[in-house]
1. With n ≥ 4 as the cut-off for DSSP H runs, can you work out [θ] at 222 nm for the chain, using -39500 (n - 2.57) per run divided by the number of residues, rounded to the nearest 500?
2. Just to verify a number: FRET efficiency for residue 258 and residue 215, C-beta to C-beta distance, R0 = 30 Å, to 0.05?
3. Provide, for the stretch 139-297, the number of lysine pairs with alpha carbons under 29 Å apart, each pair being eight or more places apart or on different chains.
4. Which order, highest average first, do 206-214, 144-152, 36-44, 169-177 follow once you tally other Cβ atoms within 10 Å for each residue and take the mean per peptide?
5. Taking Cα pairs under 8 Å and at least six residues apart, what relative contact order does the chain come out at, in percent?
6. List every residue whose amide H lies under 5 Å from the amide H of residue 50, counting only residues 5 or more places away in sequence or on a different chain, with H placed 1.01 Å from N in the peptide plane.
7. Obtain the nm distance between the two label points defined at residue 37 and residue 225 by a simple spin-label model: each point lies 7 Å from its Cα along the Cα-to-C-beta direction.
8. Highest mean first, how do 17-27, 156-166, 85-95 rank when packing is the count of other Cβ atoms within 10 Å averaged over residues?
Amino acid sequence: MATRAARDKTGLFGRDVLSFADLCPTEVQALLDRALAFKRGDPGKPLEGKTVALVFEKPSLRTKISFDISVHQLGGHAVYIAPQEVGLGTREPASDVAKVLSRYVDAIVCRTFAHSTLEELAQAASVPVINALSDREHPCQALADILTIREAKGRLSGVTVAFVGDGNNVAASLALAVASTGGAFRIASPRGYVLPQSVVEQARSVATATGASVDLMTDPKDAVRSADVVYTDVWTSMGQESEAKVRLAAFKGYQVNTRLMALAKPDAVFMHDMPAHYGEEVPAGFLDNPKSVAYQQAENRLHAQKALLAAVLSG
Ligand code: CP
């Protein structure tokens, strides 16, 4: 919201984070540094006396639990509002939910089906709104992803990240994150499931300033060849269950397995935001592959979100 003045060193105090593009490259680096400080045991309690609403229209393990624990570890209090309790836009307008919650809490973390619902919330709220996944983006996931890549590779600039699969919300935020940190983002998707053109343009625009690149491909082998990081996600996301059969056919040949990983650099890591659909985008047990950093990636949701909450709520 424009009415909330920025005053902290990241410039994020009081701001909404609906898209990864809401974070400029210097803010991203500051968040990663702070996330690592939290991971190393920074005992700071910048959310003391603050309450955060966790409004979820869809199920969640990682996002819900890591936000709840983030708020607790930072000294604040989280209130979870479950999918069946929300009724955003059905029981009452999202704008009224935002105005009422703004009277009780200091921030709203929200997972929605439609990104437009998040925008309506953010427009009406007088407290910051953070995107916990929408149909367009998953910025908190991407922040944890690049934290994990920085840990695994020791840097972000010049790192080649190959995403194999759907040009979905996770891919969109990751493309923007890699563009923001100077990496090379390649995505291989079947026709009809490519990264939205608006995201490609946005990411390429950021990339011109950071030296990054964004390339779209159809053959997973082209994307993965000599990559530092190979990333995949489910072929059928939450809310797309009616398309499962069609998607299963469309994504045939897009599975990340040991054969595909062999084309990447010898020290490449494998990433997955989870939950995994074993037997589809990965073989059974693939997250336990020695190259996999998927569980480290899940852990990093906690540290990255602590950094984001601290910056937005305390500066
Ligand atoms: N990666 C992720 O967002 O997981 P959840 O859906 O369990 O929150």
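The values are calculated or read from the model by the stated rules, or taken from the named source; none is laboratory data. Not measured: the values here are computed from a predicted model. Neighbour counts run over all protein chains shown; Cβ positions are idealised from the backbone, glycine included. SASA here: full protein model, heavy atoms, side chains in, ligands and nucleic acids out. Shrake-Rupley method; radii C 1.70, N 1.55, O 1.52, S 1.80 Å.
1. Numbers: 12 runs with 129 residues, N = 315.
Helices in the chain give a 222 nm mean residue ellipticity of -12500 deg cm²/dmol.
2. Once rounded, the FRET efficiency stands at 0.80.
3. Lysine pair count for the stretch 139-297: 10.
4. Numbers: 206-214: 18.1, 144-152: 23.9, 36-44: 13.7, 169-177: 28.0.
Those peptides, ordered most packed to least, come out 169-177, 144-152, 206-214, 36-44.
5. Values: 676 pairs, mean separation 65.9, N = 315.
Taking the mean separation of contacting Cα pairs over the length of the chain, I get 21 percent.
6. 77
7. Each label point is offset 7 Å from its Cα along the Cβ direction, giving 4.4 nm.
8. Numbers: 17-27: 19.9, 156-166: 23.5, 85-95: 15.8.
Top of the packing list down: 156-166, 17-27, 85-95.
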